[in-house]
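Below is one structure; the comments refer to it alone.
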Amino acid sequence: MCRYGFKGQGFTLLEVLIALSIFALISVGSFQLISASVNYQQRSEERMAGFKSVSKMLSLMESDLLQSLERPVRDDYGDSLAAFSGDSASIEFTHGGWSNRPVGIEVGGRPAHATLQRTVYRFEFSNDEQGGYQNLWSRQRWDVLDRVQSSRSQISLGILVERVSVRYLSHGKIWSNHWPVTIDASQEGYRALPLAVEVELSLAKFGE
């Protein structure tokens with residue numbers, strides 16, 4: 001029968017302290033790495049969400065402008081508004097392509113749908129979560145074309161911006177910060193809709 005004996009040996013206090021120190025350093029480094037990864041993922045998701053909002057806004061704006069029509073409307077007090085009007089910080093116009101339209105009265109036994117919509121794109125100030133103000137480029141619409149005093153616009157989309165600049169090109173090839181262009185209205189061939197619209201948005205995250 002063979003017997004093996006081992007001499008019991010323990011760790012000194014110094015060795016224990018060194019081991020704990022190494023473990024603490026590894027733990028701190030791992031925590032910082034995980035925290036940095038989580039923060040990076042959150043920033044990436046926020047940036048992607050912001051990019052999607054901007055992309056959706058530009059797509060809607062292009063679609064609405066391409067479907068603009070020469071259909072004047074009446075405001076809350078019955079006064080006539082131009083089919084297309086705007087300045088350097090807003091655009092209001094009538095357009096088609098309202099896919100999510102409400103059902104109206106029946107005509108000939110079939111429900112009649114409103115196919116036109118009045119929309120305004122506007123640069124405005126909005127309250128943020130901290131109680132301050134933020135710059136917003138918003139898309140607002142009305143459910144009816146000719147309004148009454150109880151008519152209210154509804155914001156369907158908004159993106160944060162730093163600056164907005166809008167210009168309009170008349171059919172006389174004159175750029176202006178306002179529409180209609182008064183000086184161009186007396187010319188032959190004047191139209192209610194501009195030939196082109198230039199919208200320049202400056203965003204903090206994506207530039208111009």
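Expressed in nm to one decimal, what extension gain is obtained for the pair Glu162 and Thr115 from 0.36 nm per residue of sequence separation less their Cα-Cα distance?
Values: separation 47, 0.36 × 47 = 16.92 nm, distance 3.38 nm.
Full extension of this stretch gives 13.5 nm more.
Using 0.36 nm per residue of separation minus the Cα-Cα distance, give me the extension gain between Phe23 and Val38 in nm, one decimal. All intermediate terms of the calculation are to be shown ahead of the outcome.
Working: separation 15, 0.36 × 15 = 5.40 nm, distance 2.24 nm.
Full extension from Phe23 to Val38 adds 3.2 nm.
I want to make sure I understand the PRE zone here: with the label point 7 angstrom from the Cα of Ala82 toward its beta carbon, which residues in the stretch 148-182 have backbone N atoms less than 17 Å away?
166-182
Counting other C-beta atoms within 10 Å, and keeping those with at most 16, which DSSP coil chymotrypsin sites (Phe, Trp or Tyr not before Pro) do you find in the stretch 37-86? Could the numbers behind the result be given before it?
Working: sites: Tyr40, Phe51, Tyr77, Phe84; in loops: Tyr77.
Here the sparse-neighbourhood loop sites are Tyr77.
Testing the spin-label approximation: label points 7 Å from Cα along Cα→Cβ at Glu45 and Leu195. State their distance in nm.
Those two pseudo-labels are separated by 4.9 nm.
Quote the FRET efficiency, to the nearest 0.05, computed for His171 versus Leu58 with a Förster distance R0 of 25 Å and r equal to the Cβ-Cβ distance.
Working: r = 25 Å, r/R0 = 0.99.
Efficiency, from the Cβ-Cβ distance: 0.50.
So for the pair Val148, Ala204, with labels modelled 7 Å out along Cα→Cβ, what separation do we get in nm?
Result: 4.3 nm between the two label points.
Using a Cα-Cα cut-off of under 15 Å, which aspartates and glutamates could be cross-linked to Lys173, ignoring same-chain neighbours fewer than 8 residues away?
Answer for Lys173, where 15 Å is the Cα cut-off: Asp184, Glu188, Glu198, listed by chain and number.
On the full set of protein chains, 1.4 Å probe, figure out the accessible area of Trp175 and give it in Å² to the nearest 10.
Accessible area of Trp175: about 110 Å².
The values are calculated or read from the model by the stated rules, or taken from the named source; none is laboratory data. Treat the numbers as computed from the prediction; the structure is a model and nothing was measured. Cβ atoms come from the backbone with ideal geometry, glycine included; neighbour counts cover every protein chain shown. Just the protein is used for accessible areas: all its heavy atoms, side chains included, with ligands, DNA and RNA removed. Shrake-Rupley method; radii C 1.70, N 1.55, O 1.52, S 1.80 Å.
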